[in-house]
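**Student:** Input: one structure, supplied below.
What follows draws every value from the coordinates through simple rules; no lab data is involved. Predicted model, so just to flag it, every value in this text is computed and none were measured. Here the Cβ positions follow ideal geometry from the backbone for every residue, glycine too, while neighbour counts run over all protein chains shown.
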Amino acid sequence: MRELLVRNRDFRRLFLASVVSLAGDWFSFVAVAGLVTELTGRPGAPAFVYAATVLPVFAASPIAGAIADRFDRKRILVIADLVRVPLALALCLAAEWQSTPLAVAAVIALAVGASFSDPIASAATPNLVDAEDLASAQSLMGAVWGSMLMVGAGIGGLVAELFGRRTAFLIDAASFLASAWLYAGIRRPMQQPTTGRDTGSVRDAIRYIRSTPIVLRLVFAKVGVSSANGIVGLLPAFAARQFAGTSIATGLLFAARGLGSMLGPMLARVAVGATPGRRAIIWVCGASTLTYCAIYAVFPISRLFLAAMVLVTLAHLGGGAQWSLSTYGLQRETPDHFRGRVLSLDYGLATLGIGVSAIAAGLIADARGEAAATWWLAAAGGGYGLVWLLWSLAALRPRPR
């Protein structure tokens, strides 16, 4: 993986742009979650903020995917980052005015911008690396999400505690400027020339997904982890009620999540090899979903902060492996002229599951407490993961003549 970054300049710039942008995102999330919790005094408030970061992506992703398959992907990535600079600065005003509505509105707008960035970068990755390097490249891109969550959330909690939340929001705005510059310097085309065979409509992409069994299964793979992912939105509530109750404690729990999400794709890459087959991808995705839910079911009974961090790390080993490997499968199986829309729809479904799960987490936490919410969501995600695994393995069996 290190050798790939050294010899491939264009992929290196894509990788570094993701590093910078994601670090800034997690800096601001810890700060805005703390701000909204402080202003509302509700234990479910961070879960609602988490929902606001993902649900808009579901609505905007089909549009982003269609645009990504019709227009220059590099230009879209640069514009998406530049537009998010003033949106990140709006969070400074929300902190200054102590305004929850402004903070939530800025978070929603930033999420719409993310829908034009993250899935388009994934769609462009196969065009920047050779086919034999794609699994390694996707493992790196999956690991950078986790590593920047670990660094961004951990340091972001310290920055918010020591220097104030506005400093974290300013760093987020600066990160978008840096990532836009990195994207702009990529020389290799991020997509193949269009041939006129496809109109670029979302309906055509859905028709393709339905006609391709393995792609259909992989598009729905992330929903299992996503449907339990609302638990992540409750981590600030656990930090406040069960542990130290500071931004530093929240940041460390998110950093533990990032450590697992960073190591998960790398371990999956080692387990399945450089060019895994379809059956290996299905088994690892299914097992990772079940592991994620089982470990989070144990989390509420932990009373030691260090044990809680270990459990969060282990859970997201599975979450990171599942996300990275299912994305790799879609990159490999999907033709380039469909890839932007397919990956955007995949991303949209995943974020819909995360958003609904986060809202459910907030509602249950306000009514029954964060422990009950965690158990309900872990059960829902585990049930989905088992059904998905059986459904997907059935699709791999050879049909009788």
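**Student:** Counting Lys and Arg as +1 and Asp and Glu as -1, what is the net charge of the other residues whose Cβ lies under 10 Å from the Cβ of residue 92?
**Tutor:** Values: positive: 165, 166; negative: 96, 172.
Neighbourhood net charge equals 0.
**Student:** Would you please classify the overall shape of segment 262-301 from the alpha carbon gyration tensor, given that a ≥ b ≥ c denote the square roots of the eigenvalues, rounded means a/c under 1.5, and beyond that prolate means a/b larger than b/c while oblate covers the rest?
**Tutor:** Numbers: a/c = 5.25, a/b = 2.02, b/c = 2.60.
Judged from the Cα gyration tensor, segment 262-301 comes out oblate (a/c at least 1.5, b/c at or above a/b).
**Student:** Hey, another quick one. Specify the residue with the greatest mean-square fluctuation among 277, 258, 340, computed from a Gaussian network of the chain linking alpha-carbon atoms under 10 Å apart.
**Tutor:** Its mean-square fluctuation being the largest, the pick is 277.
**Student:** I would also like to ask the following. For the chain, modelled as a Gaussian network with Cα springs under 10 Å, which listed residue fluctuates most, 164, 224, 142?
**Tutor:** 164
**Student:** Could you check the spin-label model distance between residue 386 and residue 270? Points 7 Å from the Cα along Cα→Cβ, value in nm.
**Tutor:** 3.0
**Student:** What is the extension gain from residue 192 to residue 98, computed as 0.36 nm multiplied by their sequence separation minus the C-alpha to C-alpha distance, in nm to one decimal? Write down the numbers at each step before the final one.
**Tutor:** On the way: separation 94, 0.36 × 94 = 33.84 nm, distance 4.76 nm.
Taking residue 192 through residue 98 to full extension adds about 29.1 nm, to one decimal.
**Student:** Expressed as a rounded percentage, what relative contact order does segment 300-401 have, with Cα pairs under 8 Å and six or more residues apart? Before the final figure, lay out the partial values.
**Tutor:** Working: 23 pairs, mean separation 16.0, N = 102.
RCO, segment 300-401: 16 percent.
**Student:** Could you give the DSSP H helices of the chain that reach 18 angstrom or more along their long axis (alpha carbon positions) and whose average Kyte-Doolittle hydropathy is no lower than -1.0?
**Tutor:** Details: long enough: 9-40 (46 Å, 0.90); 45-70 (39 Å, 1.20); 73-97 (37 Å, 1.16); 100-115 (23 Å, 2.00); 134-163 (41 Å, 1.36); 165-184 (30 Å, 0.76); 247-272 (38 Å, 1.27); 278-298 (31 Å, 1.09); 305-333 (42 Å, 0.62); 336-368 (47 Å, 0.66); 370-396 (39 Å, 1.11).
In the chain, the long hydrophobic H runs are 9-40, 45-70, 73-97, 100-115, 134-163, 165-184, 247-272, 278-298, 305-333, 336-368, 370-396.
**Student:** Ordered by packing density, taken as the mean number of other Cβ atoms within 10 Å over each peptide's residues, highest first, how do 79-90, 13-24, 374-385 rank? Each step should come with its number before you reach the end.
**Tutor:** Numbers: 79-90: 19.4, 13-24: 23.4, 374-385: 21.3.
Sorting 79-90, 13-24, 374-385 by mean packing, highest first, produces 13-24, 374-385, 79-90.
**Student:** Taking K and R as +1 and D and E as -1, what net charge do the other residues with C-beta under 12 Å from the C-beta of residue 352 add up to? Walk me through the intermediate numbers first.
**Tutor:** Values: positive: 222; negative: 346.
Charge balance near residue 352 sits at 0.
**Student:** Right, something else. By its C-alpha gyration tensor, with a ≥ b ≥ c as the square roots of the eigenvalues, how is the chain shaped: rounded for a/c under 1.5, else prolate for a/b larger than b/c, else oblate? Before the final figure, lay out the partial values.
**Tutor:** Values: a/c = 1.67, a/b = 1.23, b/c = 1.35.
Note, shape of the chain comes out oblate.
**Student:** Same structure, new question: For the chain, modelled as a GNM with alpha-carbon contacts under 10 angstrom, which of 95, 350, 271 fluctuates the most?
**Tutor:** Comparing 95, 350, 271 in a Gaussian network model of the chain, the most mobile one is 271.
**Student:** So what's the back-of-envelope 222 nm ellipticity for the chain, counting only DSSP H runs of four-plus at -39500 (n - 2.57) apiece and dividing by all residues, rounded to 500? If you can, show how the numbers build up before the last one.
**Tutor:** Working: 17 runs with 332 residues, N = 401.
After summing the helix terms and dividing by the residues of the chain, the value is -28500 deg cm²/dmol.
**Student:** How far is it, in nm, from the label point at residue 394 to the one at residue 181 when both lie 7 Å from their Cα along the line to the Cβ?
**Tutor:** Reported label-point gap for residue 394 and residue 181 is 5.4 nm.
**Student:** Which net charge results when you count Lys and Arg as +1 and Asp and Glu as -1 among the other residues whose beta-carbon is under 14 Å from that of residue 12? Write down the numbers at each step before the final one.
**Tutor:** Numbers: positive: 2, 7, 9, 13, 187, 188; negative: 3, 10, 133.
Net charge in that neighbourhood comes out at +3.
**Student:** May I pose another question? For the chain, what's the relative contact order in percent, using C-alpha pairs closer than 8 Å and at least 6 residues apart?
**Tutor:** Details: 767 pairs, mean separation 116.3, N = 401.
Relative contact order here is 29 percent.
**Student:** Note down the relative contact order for segment 274-341 as a percent, whole number, built from C-alpha pairs under 8 angstrom at least six residues apart.
**Tutor:** Working: 45 pairs, mean separation 27.2, N = 68.
Relative contact order for segment 274-341 comes out at 40 percent.
**Student:** Where a ≥ b ≥ c are the square roots of the eigenvalues of the C-alpha gyration tensor, would you call segment 50-106 rounded, which needs a/c under 1.5, or, failing that, prolate if a/b is larger than b/c, or oblate?
**Tutor:** On the way: a/c = 4.87, a/b = 1.85, b/c = 2.64.
Cα axes put segment 50-106 in the oblate bin.
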